[in-house]
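Quick notes on the structure that follows.
The values are calculated or read from the model by the stated rules, or taken from the named source; none is laboratory data. Note that the structure is a prediction, hence the values are computed from the model and not measured. Here Cβ is always computed from backbone atoms with ideal geometry, including for glycine, and neighbour counts include all displayed protein chains. Note: areas computed on protein heavy atoms with side chains; ligands, DNA, RNA excluded. Shrake-Rupley method; radii C 1.70, N 1.55, O 1.52, S 1.80 Å.
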Amino acid sequence: MNPTRAEIDFAKLAFNVEQIRRHIHGEYPRRKIKICGVVKANAYGHGIEEISRKLVDLGIDFLGVANYDEAIRLRSLIPDTPILVFGTLIHSKLDPAKYVSILHRHNLTATVASVDTARFLDDYSRRFRSKFKIHIKVDTGMRRIGLDYKRAYRNILQIASFKNLELEGIFTHFAASEEKNKSFSRLQLKRFNKLLSDLKKAGIEFPIVHAANSGAVLDLKESYFNMVRPGLLLYGYYPGSGVRNKIKLKPIMNLKSKVTFIKKIEKGESVSYGRRFFSKKPEFIGSVPIGYGDGYWRLMGNRSKVLINKKFYRQVGSITMDWIMIELGARYRIKIGDDVLLMGEENGNNLGADKLAKICGTIPYEMLCAVADRVERIYLNK
Ligand SMILES: Cc1ncc(COP(=O)(O)O)c(C=O)c1O
């Protein structure tokens, strides 16, 4: 059995969901604010099917995915919870005409980011003699997808005239809500609110309005409307240093392996590819079967630490595809088969994805998504 695995703790997921709930409802105790749990990209590397099932058990209101392929895979497991697809229609392996029928069959909620998409869905809905549930995406400054806020009013009047669409929701997405300085987020919010109020005057209102990703959930309560869309918070991390400590979170994934080989090297010997580490004394080196092929980034070579039996050890030399090497010192108390924590948190010892991300010059999102398919996911406290 491969000792390298990602242990994902459902008790911690439940804890994080509860913290988010308390935080948003603490701000607005009388208002029911729905939560759309963002589970795209294999639930940020944690396993889309298992995480989604647990979120549904925990009473999540919506699930958010990136594309129709993810949504279709989920629907076979989760019959009732609304699934909102953030991506566009051409963003799928199937050709649009084929999957529109699948969308109907799977009762998925489509994002509409252009009038053309709305027209296309309207047309197909007429043929199926049913209504399509859509959420309209407004681009208020992210400049990714969405109706440009300057033209959105006119576009939405046009979309509202289509007879076979159910305009269930409208949303926008923040570009920098994780930053301490919220001026751009507030500008986006102002543009969105102006549009909502103009539409209201024209008699168009949406039952579900949403904007808040993790940064905004923590720090921008004016953006909650009646649904929030946290992703990273569910998995136990803060989206940026500007918004830390607003709520308590527990990282739900511990990436682990075992010490599987120990050898002694002499002073001046090198370790691993490229000879980027030389021992300063005779010492023991442990080998752990995890590498960049598992998502343990090569950029961490000679720069990261691991936790064995509650003690930190230095990783030395280049990270290889399947192995890393650990400096155990001149004397050691480690046995073959002892557990090694590579990423996560254990007994208050922190090797969080955010810490490793700093070493690699990236963000915790990318560290989590990088955990490869070949790493077995094991779910605890189901
Ligand atoms: C449309 C949309 N909403 C919400 C999220 C969740 O973001 P976060 O993980 O920062 O909460 C994402 C992820 O990038 C997204 O694309």
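Estimated at the nearest 10 Å², the accessible area of SER241 is 100 Å² with a 1.4 Å probe.
Per residue, the solvent-accessible area of the chain (1.4 Å probe, heavy atoms of protein chains only, all protein chains present) comes to 46 Å².
Our coupling estimate for the range 265-271, obtained by passing each phi through the Karplus curve with A = 6.51, B = -1.76, C = 1.60 and θ = phi - 60°, is 10, 8, 3, x, 7, 9, 10 Hz, Gly and Pro reported as x.
Specify whether the C-alpha gyration tensor of the range 10-236 places it in the rounded, prolate or oblate class, a ≥ b ≥ c being the square roots of the eigenvalues: rounded for a/c under 1.5, otherwise prolate if a/b is larger than b/c and oblate if not. Because a/c hits 1.5 or more and a/b fails to exceed b/c, the range 10-236 counts as oblate. Per-residue ellipticity at 222 nm, computed for the chain from helices alone with -39500 (n - 2.57) per DSSP H run of at least four residues, works out to -9500 deg cm²/dmol.
Projecting the Cα atoms of GLY146, HIS46, VAL65 onto the charge dipole of the range 10-236 (Cβ charges, centred on the Cα centre) puts GLY146 farthest toward the positive pole. Take THR260: with every protein chain present and a 1.4 Å probe, its accessible area is about 50 Å².
Taking a ≥ b ≥ c as the square roots of the Cα gyration tensor eigenvalues, with a/c under 1.5 meaning rounded and otherwise prolate when a/b beats b/c, else oblate, which class fits the range 1-94? Oblate, because a/c is 1.5 or more while a/b does not exceed b/c. For the range 245-324, the set of GluC sites (Glu not before Pro) satisfying both a DSSP loop assignment and a count of at most 12 other C-beta atoms within 10 Å is given as GLU266. Among the trypsin sites (Lys or Arg not before Pro) in the range 109-154, those located in a DSSP loop and surrounded by at most 11 other Cβ atoms within 10 Å of their own Cβ are ARG129, ARG143, ARG144.
Our coupling estimate for the range 246-254, obtained by passing each phi through the Karplus curve with A = 6.51, B = -1.76, C = 1.60 and θ = phi - 60°, is 6, 9, 8, 9, 10, x, 8, 10, 10 Hz, Gly and Pro reported as x. Here LYS281 is the anchor, and the aspartates and glutamates within straight C-alpha reach of less than 12 Å, apart from those fewer than 8 places off in the same chain, are GLU266, GLU269, GLU327. Counting only protein heavy atoms and using a 1.4 Å probe, the accessible area of ASP80 comes to about 130 Å². Computed on the chain, with alpha-carbon pairs under 8 angstrom and 6+ residues apart, the relative contact order is 18 percent.
A DSSP coil position with no more than 14 other Cβ atoms inside 10 Å describes the following GluC sites (Glu not before Pro) in the range 179-254: GLU205.
Would you please classify the overall shape of the chain from the alpha carbon gyration tensor, given that a ≥ b ≥ c denote the square roots of the eigenvalues, rounded means a/c under 1.5, and beyond that prolate means a/b larger than b/c while oblate covers the rest? Prolate, because a/c is 1.5 or more and a/b exceeds b/c.
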